[in-house]
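Data block below; observations after.
The values are calculated or read from the model by the stated rules, or taken from the named source; none is laboratory data. Owing to the predicted nature of the structure, the values given are computational and were not obtained by experimental measurement. Note that each Cβ is placed from the backbone with ideal geometry, even for glycine, and that neighbours are counted across all protein chains shown.
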Amino acid sequence: MRKTLLALAIAGVGMSAAHADDWFVEAHYPDHAALVRGAALFQHVMVDAGRQVLRVDTDEDGIRQLEDAGLSVSVDAGDTARMRAFYARIQDAIQSHQPAETDGGYPSIPGYACYRTVEGTYQTMDDLAATQPGLAEIHTLGPSWQKTQNSATGYDMRTLRVTNLATAATDPDRPKMVVFGSIHAREYTPAELLTRMAEWLVSGYGTDPEATWLVDHVDFRFVLQANPDGRKKAETGLSWRKNTDTANGNCTSNANSSGIDLNRNFPFHWNTTGGQGSSGTKCNETYRGPIAASEPETQNLVGYVAGTLGGNGSYSGGALPDRRPDDASTASPDDYAGLFFDIHSYSQLVLWPWGDTPGAAPNRTPLQTFGRRLAWFNGYTPEQSDSLYPTDGATDDNFYGTLGVPAYTIELGVQFFESCSTFTSTTYPKNFAALRYAARAAALPYRLPTGPDAYGIGAATPVAGAGGLYTTVTATIDDVRYNQSNGTQTTYAISAANAYVDRLPWEPGAVATPLSAGDGTFNSKTEAVSGNVSLVGLAAGRHIIYVQGLNAAGSGTPGTPNAVFVDVPQAPTMVTATPQVVGDGSVDPSTPQTVTSGTTLSFTVTPGTGQHVVSVSGCPGSFAAPVFSTAPLVSSCTLTATFEPDQFTIGGTVGGLGGSGLMLSLNGGTSLPVPANATSFAFPGTLPYGSSYDVTIAMLPAGQACTVIGGSGTVDSQITDIAVNCGPGASDIIFRDNFDPASP
Ligand SMILES: [Zn+2]
């Protein structure tokens with residue numbers, strides 16, 4: 001009867017060979033107990049509490065089990081068709097040999113260009129490490145199960161490490177953020193989400209302030225493909241979840257159900273729920289394996305993340321520190337640095353330990369607080385992992401349980417078969433934001449999420465003030481970003497905000513610059529803040545400013561910081577042009593002029609009276625009297641203006657000169673012969689302005705006497721008005737002049 005109803009319900013739904021028996025169903029549960037019974041049959045169910053239905057993809061066996069558990073099942077024909085079309089598209093693409101590549105040219109799952117294959121993911125890792133060897137490197141964890149069987153098959157498991165490797169050695173306490181992707185093979189979206197995050201970190205370093213500070217201060221360890229053998233199966237369109245181990249997990253009734261569920265194979269609290277949280281049946285999708293950590297993938301991952309378990313019960317040598325005994329009651333210290341995430345799909349959940357018991361993890365309160373922060377970003381339901389159904393031997397319990405690291409499972413999306421458009425527009429951006437928040441909290445993940453987040457940080461172009469260069473920093477401090485859909489998280493008013501230049505708030509030497517509430521008072525749970533941050537003493541170039549807010553909990557609880565770049569300009573080079581005067585004249589301005597390099601200046605050059613400019617030199621430029629215009633000045637110079645007096649000739653008129661022999665003398669020196677009958681004279685050469693002249697007669701002409709009128713004075717122009725007048729009787733005069741009284 002039921003099969004008939006199902007057949008009617010999905011009339012018209014297309015079939016693909018691998019999924020002809022799979023259905024997407026809604027199961028109505030009459031009460032919570034029935035929900036728990038139903039959910040425990042599966043992994044990744046969607047729960048719509050309002051309608052009291054769970055949604056899941058399953059086969060006829062699963063439908064029967066749901067009905068046996070007391071739920072009433074109906075087929076979602078639309079989603080069943082979409083699911084089958086999704087897998088059919090992969091198989092069609094494979095059969096038609098269509099090339100499958102991402103936009104970046106990496107091999108992708110046939111028919112779904114947005115999801116890189118194992119090879120595409122590995123190629124991306126290789127490229128990031130090759131092009132940015134200072135920021136990314138590859139760690140090899142060990143062989144997958146297939147590779148342990150035949151080294152020509154399977155994969156070496158890999159971690160992509162992203163951090164500032166140049167400074168990592170001197171920063172040994174840099175928090176590690178370990179993230180697994182797609183440990184369940186058919187979950188296509190987790191590996192791609194993490195690969196894109198790694199690409200963002202590497203490509204954003206130096207250009208995106210958040211990527212830059214996270215790469216500088218967080219040591220990311222991305223296990224992008226945590227189950228490469230199984231993923232390879234899933235890339236053929238199989239709904240493959242487990243690894244491919246047919247030695248430990250051979251399902252004889254259905255080869256496609258072989259393998260071990262790696263996320264039930266981890267050693268901490270392995271098989272502790274009496275079969276409720278994992279299965280002992282090899283064909284079951286949650287088959288836990290014959291013993292704890294039976295699988296090479298599990299061993300590789302534990303060895304890489306936790307290290308080696310010593311005789312003292314403590315792990316060492318792994319990526320994350322062991323700071324908690326492996327009991328169920330001792331809390332990890334709240335200054336634990338580091339994070340663990342295991343990303344799955346689907347169910348839209350943010351989960352924290354424990355998964356194998358409803359009992360509270362010893363760090364339950366901060367785990368819940370952080371989980372509610374994460375769930376604000378992706379909009380998923382935050383809850384303890386055990387809330388719907390138990391799991392044992394899972395990754396999050398294992399690493400929290402053995403190390404004390406805050407450990408989360410995020411279940412992405414609503415279906416395994418997520419279209420590229422849904423992934424790109426919704427699943428990726430929401431969860432990328434959640435993981436960025438996580439990274440901002442990685443240094444103190446048990447503490448920082450109890451304080452507010454900081455976002456929208458800006459820094460204005462630096463300006464020079466009375467105290468020197470500064471920038472105005474703006475930000476929003478927000479304490480309300482919790483997902484409140486599952487319980488109530490208390491929120492607080494913002495109490496303060498501080499900016500820090502080039503150092504995180506908790507780094508030695510960090511100096512806090514208080515920021516002010518934009519509305520004048522810190523009294524709201526969301527506050528716009530701003531303040532001026534001094535840049536005095538900083539080298540020219542790019543710097544980073546962190547902003548951290550505090551809420552009013554306790555004596556002020558600091559939250560997750562974020563950052564913005566500020567570019568400090570080169571200090572301007574100053575040059576000085578010093579005017580200098582040689583001679584009688586002036587230069588205006590007359591004092592040294594100090595200006596920024598590249599500036600042009602003008603000087604007015606004015607000779608003194610009776611002076612002229614000989615030269616203006618010493619600085620590049622040109623002189624167009626009376627102004628000297630410099631070229632753009634790039635170095636200091638002395639502008640020398642040289643003046644000298646104007647020069648004038650000395651001369652005049654001669655009257656009555658009949659004879660020859662007249663000689664005139666200038667200033668008792670130069671003699672000028674004046675020929676007979678001359679009517680004018682001029683001395684050769686010149687005298688400078690302001691000098692004295694005195695023209696006298698050195699020798700009279702024959703037979704004549706001459707006198708000089710106006711023969712002396714001060715040179716102030718051309719002298720042309722000296723009159724030499726000659727006339728007869730000169731001999732007497734000569735005689736008298738030559739008369740010697742002592743010789744009559
Ligand atoms: Zn999963």
query: Residues in region 199-220: is at least one touching a Phe, Trp or Tyr at 6+ places or on another chain (Cβ under 8 Å), within 21 Å of residue 319 (Cα to Cα) and within 16 Å of the ligand (Cβ to nearest atom)?
result: no
field: Which numbered condition residue 640 fails, given (1) at pLDDT 95 or above; (2) under 23 Å from residue 708 (Cα atoms)
entry: (2)
query: Looking at region 22-49, which of its residues are more than 42 Å from the chain's Cα centre (by Cα), away from the ligand (no atom under 16 Å from the Cβ) and assigned to a loop (DSSP other than H, G, I, E, B)?
result: 22, 29, 30, 31
statement: When residue 687 is run through (1) closer than 30 Å to residue 587 by Cβ; (2) surrounded by fewer than 18 Cβ atoms within 10 Å (Cβ to Cβ), the failure sits at (2)
- prompt: For region 225-235, how many residues are touching a strand residue (DSSP E or B) at 6+ places or on another chain (Cβ under 9 Å) and more than 15 Å from the ligand (Cβ to nearest atom)?
  reply: 2
task: Exactly one condition in (1) assigned by TED's automatic domain parsing to the domain that holds residue 494; (2) under 30 Å from residue 645 (Cα atoms) is not met by residue 542; state its number.
output: (2)
query: Identify, please: which residue in region 411-422 is among the hydrophobic types (A, V, I, L, M, F, W, C) and over 16 Å from residue 116 (Cα atoms) and is, among those, farthest from the ligand (Cβ to nearest atom)?
result: 414
- request: Would you check which residues across region 504-563 are under 15 Å from residue 479 (Cβ atoms), of a type outside the set (A, V, I, L, M) and part of a strand (DSSP E or B) and list them?
  value: 526, 527, 548, 549, 551, 557, 558, 562
- prompt: Does region 423-435 contain at least one residue that is within 13 Å of the ligand (Cβ to nearest atom), closer than 28 Å to residue 322 by Cβ and modelled with pLDDT of 95 or more?
  reply: no
query: If you scan region 90-117, which residues turn out to be closer than 20 Å to residue 21 by Cβ and either in contact (Cβ under 8 Å) with a residue 24 or more places away in the chain or crowded, with 21+ Cβ neighbours inside 10 Å (or both)?
result: 90, 91
query: With respect to residue 222, is the statement that it is touching a Leu at 6+ places or on another chain (Cβ under 9 Å) and closer than 30 Å to residue 107 by Cα true?
result: yes
- line: The correct count of residues that are more than 44 Å from the chain's Cα centre (by Cα) and surrounded by 13 or more Cβ atoms within 10 Å (Cβ to Cβ) in region 591-603 is 2
task: Go through region 476-503 and give me each residue that's small (Gly, Ala, Ser) and either touching a helix residue (DSSP H, G or I) at 6+ places or on another chain (Cβ under 7 Å) or buried (at least 22 other Cβ atoms within 10 Å of the Cβ) (or both).
output: 495, 497, 499
field: Residue count, region 172-197 (criterion: in a loop (DSSP other than H, G, I, E, B), more than 16 Å from the ligand (Cβ to nearest atom) and in contact (Cβ under 8 Å) with a residue 12 or more places away in the chain)
entry: 3
statement: Per the filter on region 102-132, residues out of contact with any strand residue (DSSP E or B) (no Cβ under 6 Å at 6 or more places or on another chain) and under 23 Å from residue 421 (Cα atoms) are 103, 104, 105, 107, 110, 111, 112, 113, 114, 118, 121, 124
- request: Return the only residue of 654, 566, 582 being in contact (Cβ under 8 Å) with a residue 60 or more places away in the chain and over 30 Å from residue 714 (Cα atoms).
  value: 566
task: State the number of residues belonging to region 479-515 that are touching a Gly at 6+ places or on another chain (Cβ under 9 Å), farther than 22 Å from residue 535 by Cβ and without any contact (Cβ under 8 Å) to a residue 60 or more places away in the chain.
output: 1
message: Anything in region 240-252 that is touching a strand residue (DSSP E or B) at 6+ places or on another chain (Cβ under 8 Å) and within 16 Å of the ligand (Cβ to nearest atom)? List them, or say none.
response: 242
message: Just to check your reading of the model, which residue among 81, 85, 168, 152 is surrounded by fewer than 21 Cβ atoms within 10 Å (Cβ to Cβ) and at pLDDT below 90?
response: 85
statement: Residue hits (region 365-406; within 15 Å of the ligand (Cβ to nearest atom), of a type outside the set (D, E, K, R) and surrounded by 24 or more Cβ atoms within 10 Å (Cβ to Cβ)) are 380, 385, 391, 393, 394, 395, 398
task: Determine the pairs where a residue that is on the phi < 0 side of the Ramachandran plot and in a loop (DSSP other than H, G, I, E, B), located within region 665-676, has a partner that is surrounded by fewer than 14 Cβ atoms within 10 Å (Cβ to Cβ) and at pLDDT below 95 with Cβ atoms under 8 Å apart, the partner being 6 or more residues away or on another chain.
output: 670/684; 670/685
